[in-house]
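Here the structure is laid out as structure tokens; the discussion comes afterwards.
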Amino acid sequence: MELGRKYHVGDLPGRLVREAREMLEQGGLKQLNLRALAARAGITAASLYHHYDSKTALLAELAASGFMELRRDLERADREAGEGRRLRGWATGYFRFARREPALFGLMFDPEIAEAPQVAEARAAALAVLHRIVTEVAAAQGRVDPPLRHITLAVWTAAHGAADLAASTPEGDDLIEDVIAGLETLFRPALPSLDGEGQAPQAPG
């Protein structure tokens with residue numbers, strides 16, 4: 001994209017977010033500042049501040065857009081998942097996004113902007129995809145009153161931690177596969193427990 005390119009004012013907020021994303025990907029968070037962004041977009045700093053009054057406000061909008069993109073990716077992964085593989089599909093979509101957009105992924109969970117209203121709303125919408133999958137898989141297995149919210153958060157936490165670890169270890173692919181396999185085990189239909197003789201316990205009488 002050419003530097004200093006001018007945009008129609010009606011499209012400016014969205015264009016600024018897209019330009020900011022490119023700057024984030026190219027130079028990291030420290031290189032992203034509003035004056036440089038204004039120069040890149042071919043507008044004055046005053047025009048930029050008319051739409052985003054601080055760097056935090058701009059980053060919050062960018063993070064929210066990241067969660068919206070993640071939600072779409074997760075929904076598509078769920079649609080494409082085969083029967084009995086919905087959790088694997090979700091986890092694969094999550095890991096794929098984290099690897100494809102490492103700078104944006106990191107920003108999305110930055111504590112300084114995590115509670116911005118648009119970020120919290122977009123994050124909740126992305127989490128809702130997993131909650132729906134957990135709910136429907138549990139119902140299909142006939143599980144009675146499972147703690148769905150706790151299970152959803154546990155799965156998300158495991159996947160997010162694995163995504164961070166995978167980015168910093170040479171065994172990243174193996175780690176991700178192990179985590180996915182572990183998550184699938186949690187949702188495998190329960191087998192009858194065995195007694196000490198290796199037989200399912202019999203009802204008394």
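Values quoted throughout were computed directly from the atomic coordinates according to the rules given, and no laboratory measurement underlies them. Given the structure is predicted, the values throughout are model-derived calculations rather than measurements. Methodologically, a virtual Cβ is constructed for each residue, glycine included, from the backbone with ideal geometry; neighbour enumeration extends over all protein chains shown.
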>> I want to verify a result. In a Gaussian network model of the chain, Cα cutoff 10 Å, which of these has the top mean-square fluctuation: 140, 116, 163?
In response: 140
> In what sequence do 134, 129 fall when counting other Cβ within 10 Å, fewest first?
Replying inline: 129, 134
> Per-residue HN-Hα couplings for the range 153-158, Karplus 6.51 cos²θ - 1.76 cosθ + 1.60 at θ = phi - 60°, whole Hz, x for Gly and Pro?
Replying inline: 5, 5, 5, 4, 4, 4
>> If you take every residue apart from residue 177 with its C-beta less than 12 Å away from the C-beta of residue 177, what net charge results, scoring Lys and Arg +1 and Asp and Glu -1?
In response: -4
>> As an exercise, identify the GluC sites (Glu not before Pro) in the range 54-96 lying in DSSP coil whose Cβ has no more than 14 other Cβ atoms within 10 Å.
In response: 83
>> Full-extension gain between residue 45 and residue 57, please, as 0.36 nm times their residue separation minus the C-alpha to C-alpha distance.
In response: 2.9 nm
> Taking the Cα atoms only, what angle lies between the long axis of helix 117-140 and the longest principal axis of the chain, rounded to 10 degrees?
Replying inline: 20
>> Give me a comma-separated list of calculated 3J(HN,Hα) values for the range 86-98, in order, Karplus coefficients 6.51, -1.76, 1.60 applied at θ = phi - 60°, integers in Hz, x for any Gly or Pro.
In response: 5, 5, 4, x, 4, 4, 4, x, 5, 5, 5, 5, 4
> Rounded to two decimals, what ratio of Rg to Rh does the range 9-51 give with C-alpha atoms and a Kirkwood Rh?
Replying inline: 0.94
> D for the chain, whole µm²/s, Stokes-Einstein with Kirkwood Rh over alpha-carbon pairs at 10 °C and 1.306 mPa s: what number?
Replying inline: 81
>> Please give me the summed charge of the neighbours of residue 57: other residues whose Cβ is under 14 Å from its Cβ, Lys and Arg +1, Asp and Glu -1.
In response: -4
> Net charge near residue 117, counting Lys/Arg +1 and Asp/Glu -1 over other residues with Cβ under 14 Å of its Cβ?
Replying inline: -2
>> Given points 7 Å out from each Cα along the Cα-Cβ axis, report the residue 100 to residue 31 separation in nanometres with one decimal.
In response: 2.2
> What is the fewest-to-most order of 54, 168, 65 by other Cβ atoms lying within 10 Å of their Cβ?
Replying inline: 168, 54, 65
